[in-house]
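Everything below concerns the one structure shown next.
Read the figures in this text as sums done on the coordinates, not as results from a lab. Everything numeric here is computed off the predicted structure, so don't read it as measured data. Methodologically, a virtual Cβ is constructed for each residue, glycine included, from the backbone with ideal geometry; neighbour enumeration extends over all protein chains shown.
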Amino acid sequence: MTISFYKYQGTGNDFIMIDNRIGKFPKANHKLISFLCDRRFGIGADGLILLEDDKSSHFMMVFYNSDGKPGSMCGNGGRCIVAFAEFLGIIEEKTKFNAVDGFHHASINDGTVSLQMQNVNEIMEKRNCLFLNTGSPHHVQMVSNLENYKVLEEGAKLRYGIYGEGGSNINFVEQTGDNDFSVRTYERGVENETLSCGTGVTAVALGMHYWGKTKSEKVNIFTKGGNLVVQFTKGPAGYENIRLDGPAKQVFKGTIEI
């Protein structure tokens, strides 16, 4: 069987995109998905995303981590699938799509995607860290000298030591300005540091506002893969009108035999 695919990246977070509206991709084959995401033996990616038909919106986003298992919401992947849908001619400037955590609205303008995230009504404060769910679970912890921090080693310790097999993504943060923060993330499912994590930078922006590190409802986040902006409104029930803004780009397309 020959599969056509497209490769997209959003601030260095890269994904295999497959148009599965006809439903022929064997998505129950998690070993195959892991192989396709392998950077040495397959195509190589942080995850694989299927674009499928949906009766209640423009399309359905079905996301798998690079280990081949179904994942929770992926913010950068969400921005990339919006760019993919525009490329396929499914949408124009605005869209509503379905994902594992519900419906999302988004807009795209000249390669920049603004993605609405789900409201966050609960932030748990632990010793020296925060835990919140922005579509995926996230641990947020401030550190110094982030550039030289042992993200892989320390992230793995926290991911398995505190959160167990179900796990959490682990974000290490350093403040660089009044409304500016640098972030490095250890992602579960990838089990490594990624160049960027959309739900992670969203969690960081909300967490830094919650902690009083910034008073702004527009936060600039700097990752190894590029820059993102998170905007939100602090309401009586929590954080609302959350948007993740940044670039999404098609890198290449091809076919592979499976």
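Tell me which aspartates and glutamates have Cα within less than 14 Å of K218's Cα, excluding those fewer than 8 residues away on the same chain?
By straight Cα distance, K218 reaches D178, D180, E240, D245.
Mind putting a number on the dipole of the chain about its Cα centre? Charges go on the C-beta only, +1 for Lys and Arg and -1 for Asp and Glu, and I need it in Debye to the nearest 20. Don't skip to the answer; put the middle values down first.
Details: 27 positive and 29 negative charges, 48 e Å.
It comes to approximately 240 debye.
Going by C-beta contacts inside 10 Å, put V190, V229, V251 in order with the fewest on the left.
Details: V190 20, V229 17, V251 11.
Fewest to most other Cβ atoms nearby, the residues stand as V251, V229, V190.
If you filter region 22-114 for chymotrypsin sites (Phe, Trp or Tyr not before Pro), then keep DSSP loop positions with at most 11 other Cβ within 10 Å, what is left?
F41
Quick one: which residues, 5 or more positions from N13 or on another chain, have an amide H under 5 Å from its amide H? H modelled 1.01 Å from N in the peptide plane, none for Pro or chain starts.
S196
Could you point to the residue in Y186, N148, Q231 farthest towards the positive end of region 123-245's charge dipole, with +1 and -1 charges on the Cβ of Lys/Arg and Asp/Glu respectively?
Q231
With a 10 Å Cβ neighbour count serving as the proxy for reagent exposure, in which order, fewest first, do C129, C197, C74 appear? List each step's numbers first, then the result.
Numbers: C129 18, C197 33, C74 30.
The fewest-first ordering by Cβ neighbours comes to C129, C74, C197.
Points 7 angstrom from Cα along the Cβ direction at N192 and N241: gap in nanometres?
Taking the two extended label points, one gets 4.0 nm.
Could you check the simple spin-label distance between I258 and R21, using points 7 Å along Cα→Cβ, in nm with one decimal?
Going from the I258 label point to the R21 one covers 1.9 nm.
Evaluate E = 1/(1 + (r/R0)^6) for Q116 and N148, where r is the Cβ-Cβ distance and R0 equals 45 Å; express this FRET efficiency to the nearest 0.05.
Working: r = 35 Å, r/R0 = 0.78.
Approximately 0.80, to the nearest 0.05.
Rank the residues S57, S136 as a footprinting-exposure proxy: fewest other Cβ atoms within 10 Å of their Cβ go first. Can you show the working numbers first?
Numbers: S57 16, S136 24.
Listed from fewest to most nearby Cβ atoms, that is S57, S136.
Which of K69/K234; K7/K126; K31/K126; K27/K249 have a Cα-Cα distance over 28 Å?
Numbers: K69/K234 34 Å; K7/K126 38 Å; K31/K126 36 Å; K27/K249 24 Å.
Correct reply: K69/K234; K7/K126; K31/K126.
Comparing K218, K55, K126, which has the greatest mean-square fluctuation in the GNM of the chain with Cα pairs linked when under 10 Å apart?
Looking only at K218, K55, K126, the biggest GNM fluctuation is shown by K55.
Give me the net charge for the shell around N227: Cβ to Cβ below 10 angstrom, other residues only, Lys and Arg +1, Asp and Glu -1.
On the way: positive: none; negative: D180, D245.
Summing Lys/Arg as +1 and Asp/Glu as -1 gives -2.
Using the Karplus curve 6.51 cos²θ - 1.76 cosθ + 1.60 with θ = phi - 60°, work out ³J(HN,Hα) for each residue of region 134-144 in order, rounded to whole Hz, and write x for Gly and Pro.
In residue order, the calculated couplings are 10, x, 9, x, 9, 9, 10, 9, 7, 9, 10 Hz.
Which ³J(HN,Hα) values in Hz, rounded to whole numbers, follow from the phi angles of region 213-221 under the Karplus curve 6.51 cos²θ - 1.76 cosθ + 1.60, where θ = phi - 60° and Gly and Pro get x?
After applying 6.51 cos²θ - 1.76 cosθ + 1.60, I find 6, 9, 9, 7, 9, 9, 10, 9, 10 Hz.
Cα-based Rg of region 123-245 per 2.2 N^0.38 Å, rounded to two decimals?
Numbers: Rg = 13.2 Å, N = 123, 2.2 N^0.38 = 13.7 Å.
Dividing the Cα radius of gyration by 2.2 N^0.38 Å gives 0.96.
For region 119-124, take each phi angle, set θ = phi - 60°, evaluate the Karplus expression 6.51 cos²θ - 1.76 cosθ + 1.60, and give the result in whole Hz per residue in order, putting x for glycine and proline.
Coupling constants for region 119-124: 4, 10, 9, 9, 10, 9 Hz.
How big is the charge dipole of region 1-94 about its Cα centre, in debye rounded to the nearest 20, if each Lys and Arg gets +1 on its Cβ and each Asp and Glu gets -1 on its Cβ?
Numbers: 11 positive and 11 negative charges, 66 e Å.
Charge dipole, region 1-94, about its Cα centre: 320 debye, nearest 20.
Starting from the Cα gyration tensor of the chain, multiply each eigenvalue by 5, take the square root, and state the resulting semi-axes largest first in whole Å.
Over the Cα atoms of the chain, the semi-axes work out to 29, 21, 16 Å.
Put a dot 7 Å past each Cα toward the Cβ at R40 and Q250; how far apart are the dots in nm?
3.2 nm
Under 14 Å from the Cβ of I170, count the other residues' Cβ atoms, weight Lys and Arg +1, Asp and Glu -1, and hand me the total. Before the final figure, lay out each step's value.
Details: positive: K126, K150, K157, R159, R184, R188; negative: E153, E154, E187, E191, E193.
My count for the surroundings of I170 gives +1.
Report the extension gain between K157 and K96 in nm, rounded to one decimal, defined as 0.36 nm multiplied by the number of residues separating them, less their alpha carbon distance.
Difference between extended and current length: 18.2 nm.
Could you sort 1-7, 115-121, 144-150 so that the peptide with the highest average Cβ count within 10 Å comes first and the rest follow in order? Don't skip to the answer; put the middle values down first.
Numbers: 1-7: 14.4, 115-121: 19.3, 144-150: 10.9.
Packing order, densest peptide first, comes out as 115-121, 1-7, 144-150.
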